[in-house]
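Contents: one structure, followed by commentary.
The values are calculated or read from the model by the stated rules, or taken from the named source; none is laboratory data. Only a predicted model underlies this, so the values are computations on that prediction, with no experimental measurement involved. Cβ sites come from the backbone with ideal geometry, for glycine too, and all protein chains shown count toward neighbours.
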Amino acid sequence: MRKVLVVIGYFVFSVFSAQALASSESNQCELRLEANDRMQFVQKKLAVDIGCDTITITLKHIGKLPVAAMGHNVVVALESDMQGIAADSFKTGVANRYVAPDDQRVIAASEVIGGGESADVSFSTSELDPAQRYVFFCAAPGHWVMMKGELIISQ
Ligand code: CO
């Protein structure tokens, strides 16, 4: 009898674990963003749940062109900082993800990827102030004009 209870207990635990995993995947802590060969992000808005400790954006380059021709990344920053960061991208270079390593304006910056590749970038929601406006953009020189979107904070 005792062995049966242990088995049942293990089964119940497994079911609850699976449910916990499923619910964590369905909330807004993990976001997908697609970029293409036409210098565009497919998604123009991303909603982040302030209830998440960490937000992870997975950038997927759905085009075919290599980094040298159409490399993209995703940078998260205050909307008011975007143009300044983008202006500096001409001197920071692809190896630095087109941002200065010590740039305090940058909340998150992914590596630069080419067609068929993907990159994850994570940041803490403690860096976000719901009273502010945030954006995501590609920091490859000149790309921000076409490749920018709104990072909406939902509570
Ligand atoms: Co780009």
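Below, the figures for the structure above:
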| read-out | value |
| --- | --- |
| Matching residues in segment 56-100 - criterion: being surrounded by 18 or more Cβ atoms within 10 Å (Cβ to Cβ), in a helix (DSSP H, G or I) and among the hydroxyl-bearing types (Ser, Thr, Tyr) | SER89, THR92 |
| Subset of segment 101-116 that is surrounded by fewer than 16 Cβ atoms within 10 Å (Cβ to Cβ) and touching a residue at least 12 places away in the same chain (Cβ under 8 Å) - its residue that is farthest from the ligand (Cβ to nearest atom) | ARG105 |
| Residues of segment 34-55 classified as closer than 14 Å to VAL76 by Cβ, touching a Gly at 6+ places or on another chain (Cβ under 9 Å) and surrounded by fewer than 20 Cβ atoms within 10 Å (Cβ to Cβ), total | 2 |
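Residue-by-condition table, conditions (1) more than 16 Å from the ligand (Cβ to nearest atom); (2) under 22 Å from TYR98 (Cβ atoms); (3) touching a Gly at 6+ places or on another chain (Cβ under 8 Å); (4) modelled with pLDDT of 95 or more:
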| site | (1), (2), (3), (4) |
| --- | --- |
| SER118 | no, yes, no, yes |
| GLN132 | yes, no, no, yes |
| PHE137 | no, yes, yes, yes |
| TRP144 | no, yes, no, yes |
